[in-house]
1. Would you kindly work out the equivalent ellipsoid of segment 43-292 from its C-alpha gyration tensor and give its semi-axes, the square roots of five times the eigenvalues, largest first in whole Å?
2. Between Arg115 and Arg198, what is the spin-label point distance in nm, taking each point 7 Å from the Cα along the Cα→C-beta axis?
3. In this model, which of Lys78/Lys258; Lys78/Lys253; Lys78/Lys228 are farther than 18 Å apart at the alpha-carbon?
4. Amide H of Tyr79: which non-local residues (sequence gap of 5 or more, or other chain) have their own amide H closer than 5 Å, using H built in the peptide plane?
5. Using the Karplus equation 6.51 cos²θ - 1.76 cosθ + 1.60 (θ = phi - 60°), what ³J(HN,Hα) coupling, rounded to whole Hz, does each residue of segment 222-237 give in order, writing x for Gly and Pro?
6. According to a simple spin-label model (label point 7 Å from Cα along Cα-to-Cβ), what is the distance in nm between Thr59 and Ser233?
7. Taking the highest mean first, how do the peptides 64-75, 242-253, 104-115 order by number of other beta carbon atoms within 10 angstrom per residue?
8. In which sequence would Ile99, Ile237 go, from the one with the fewest C-beta neighbours within 10 Å to the one with the most?
Amino acid sequence: MEQEIREVQSVNTDSVNEFQPNNGLATASGNLAVEQSRSAQEVMGAIISAKRFPRDTFTAFNNILKDCERYGLAEKAKYSYPRGGQQVTGVSIRLAEAIAQRWGNIDCGIREIERKDGKSIMQAYAWDLETNYRVTRNFTVEHIRDTRKGSYRLTDQRDIYERTANDGARRMRACILEIIPGDVVEAADKKVNETLARGPKGVSKEDRLRTMVVQFDKVGVPKDAIEKRLGHSIKNIVDEEIVDLIGVYNAIKDNVGKRDQFFDLGEAQTESAKKLTDKLKNESKDKEPDIFNK
């Protein structure tokens, strides 16, 4: 009888252990609850801190304008893209982030909510912790890359991250600019234009133009195409045209627009342009089996 009791106790103990918190599922749920609690405490702490130490708008505004006088920021602060037969210019994500940093008491970012069926459901947000004004953008990013030869599905985690981050950055930019006062953004944009027109200190206009030609050459745009867009020799370029070309270059480099949307490339291309075209073709060929072998 004593042996039977010991056996029963052993069975009951094993049954109970199946439902203890050290079970994998329970542990995962516990970790999630802890993480949610920690996040909630961080948010509450940030709100309390923002209320205790509100922004000095006068100082913040002056610091933003001072940042915009730095050529390193200014040359990355604008972009251009064609829409409806017109060219639209705007503030880049880099300038939006710089403004948010100086304005203070702002929480912004990008998060992946869900990933399934070859696509990610994303959220970009910006939150003014002082006023409790929050802007969010929910959007879907398909794990696909478009090429001249067609589209192929992304499977590498780094490629997926880069695709979602690039798409998310544009939405986060829109969220930031929606919570920052419009006159602050306009003043920053105007100061950036002045900085770009002036150019970096100690660099002549001729050196700037030579550097610009080299940079465009690297993204596949020859000097002839630049002059065709300007309608005159690059030597006769004016400050407003320099600012415009910098925005165009940023758009091409950041994949906001394509070269042929801004320039009439024609048949004549530089060696860099030919190499870039060949590289894109080779990449397309390497990825095409992903389309046809499904």
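FYI, it's all coordinate maths here, none of it is from the lab. All figures in this text were calculated on a predicted structure; none of them were measured in a lab. Note that we place each Cβ from the backbone using ideal geometry, even for glycine, and neighbour counts take in every protein chain shown.
1. Numbers: eigenvalues 230, 165, 31 Å².
Each semi-axis is √(5λ); the values are 34, 29, 12 Å.
2. It is 4.5 nm.
3. Numbers: Lys78/Lys258 16 Å; Lys78/Lys253 12 Å; Lys78/Lys228 22 Å.
Result: Lys78/Lys228 exceed 18 Å.
4. Gly90, Ser92
5. x, 4, 4, 5, 4, 5, 5, 5, 5, x, 6, 5, 5, 5, 9, 5
6. About 5.3 nm, to one decimal.
7. Working: 64-75: 17.6, 242-253: 21.8, 104-115: 15.5.
Sorting 64-75, 242-253, 104-115 by mean packing, highest first, produces 242-253, 64-75, 104-115.
8. Numbers: Ile99 26, Ile237 19.
Going from sparsest to densest Cβ surroundings: Ile237, Ile99.
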